[in-house]
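Asks: Encoded as structure tokens, here's the structure I'll be asking about.
The values are calculated or read from the model by the stated rules, or taken from the named source; none is laboratory data. Predicted model only: the values in this text are computed from it and were never measured. Reconstructed Cβ throughout: ideal geometry from the backbone, glycine too, with neighbour counts over all protein chains shown. What goes into the accessible areas is simple: the full protein's heavy atoms, side chains included, and nothing from ligands, DNA or RNA. Shrake-Rupley method; radii C 1.70, N 1.55, O 1.52, S 1.80 Å.
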Amino acid sequence: EGPLTEEQVEAVVQEHFSEIQDCFDEALVRMASSNLTGGIAIRMEVDASGAVTSAVLEESSFGDAQTQPCIIGNVEKWSFPSSGKKNKPSTVIYPFFLRSY
């Protein structure tokens, strides 16, 4: 919801995807498993300037509880495009699907 477009959100996520991958890689080492799979959905509140003002777990089916705060901690530092003249915040729920091969 809000002025951020799906394309803008996807561009920022792709720019920072290595941070999400790092959280997943840490889980693989911690869990000593090569078969770790699941989804983590994060709800982000983004203010009009593009700053993430809140990032919280919306839903998770991932088997490692420490991965969620790792992802949230990274997402809280992200910057999205400002809403410009619209001067409105956005709410984004983004699902990350993590899977080892």
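Asks: Taking the Cα centre of the chain as origin, work out the dipole magnitude from +1 charges on Lys and Arg Cβ and -1 charges on Asp and Glu Cβ, in debye rounded to 20.
Replies: Using Cβ point charges on Lys, Arg, Asp and Glu, the chain gives about 160 debye.
Asks: Per-residue counts of other Cβ atoms within 10 Å, averaged by peptide: what ranking do you get for 11-23, 62-74, highest first? Intermediate results must be reported in sequence, preceding the final value.
Replies: Details: 11-23: 14.6, 62-74: 16.8.
Descending packing order for the listed peptides: 62-74, 11-23.
Asks: Next question. Could you check how much of the accessible area of the chain is carbon and sulfur, as a whole percent, using a 1.4 Å probe? Can you show the working numbers first?
Replies: Details: 2950 of 5880 Å².
So the carbon and sulfur contribution to the accessible surface is 50 percent.
Asks: Under the rule of -39500 (n - 2.57) per DSSP H run of 4 or more residues, summed and divided by the residues of the chain, what mean residue ellipticity at 222 nm is obtained, to the nearest 500 deg cm²/dmol? Don't jump to the answer; show the numbers that get you there.
Replies: Numbers: 3 runs with 34 residues, N = 101.
The per-residue figure over the chain is -10500 deg cm²/dmol.
Asks: Let me ask you something else. All other residues with a Cβ under 15 Å from the Cβ of residue 36 taken together, and with Lys, Arg as +1 and Asp, Glu as -1, what is their net charge?
Replies: Details: positive: 30, 99; negative: 22, 25, 26, 64.
With Lys, Arg at +1 and Asp, Glu at -1, the neighbours total -2.
Asks: Trypsin sites (Lys or Arg not before Pro) within segment 17-101: which are DSSP loop residues with at most 15 other Cβ atoms inside 10 Å? All intermediate terms of the calculation are to be shown ahead of the outcome.
Replies: Details: sites: 30, 43, 77, 85, 86, 99; in loops: 77.
Here the sparse-neighbourhood loop sites are 77.
Asks: May I ask you to derive the FRET efficiency for residue 65 and residue 97 from their Cβ-Cβ distance with R0 = 25 Å, giving the value to the nearest 0.05?
Replies: My answer for the efficiency is 0.90.
Asks: Keeping all protein chains in place, calculate the accessible area per residue for segment 41-101 (probe 1.4 angstrom), answer in Å². Mind showing how you got there, number by number?
Replies: Numbers: 3470 Å² over 61 residues.
Counting only protein heavy atoms, the per-residue value for segment 41-101 is 57 Å².
Asks: Can you compute log10 of I(q)/I(0) for segment 35-93 with the Debye formula, treating each Cα as one identical point scatterer, at q = 0.21, 0.22, 0.23, 0.26 Å⁻¹?
Replies: -0.76, -0.80, -0.85, -0.98
Asks: Let me ask another. When the distances between all Cα atoms of the chain are binned every 5 Å from zero, what whole-number percent does each bin get?
Replies: Histogram of Cα-Cα distances, whole percents per bin: 2, 13, 24, 23, 15, 10, 6, 3, 1, 0.
Asks: Still on this structure, please answer the following. Could you please state, rounded to a whole Å, how far the C-alpha centre of segment 26-67 is from the C-alpha centre of segment 71-101?
Replies: The distance from the Cα centre of segment 26-67 to that of segment 71-101 comes to 12 Å.
Asks: Taking the Cα-to-Cβ direction at residue 5 and at residue 35 and moving 7 Å from each Cα, how far apart do the two end points lie in nm?
Replies: 4.3 nm
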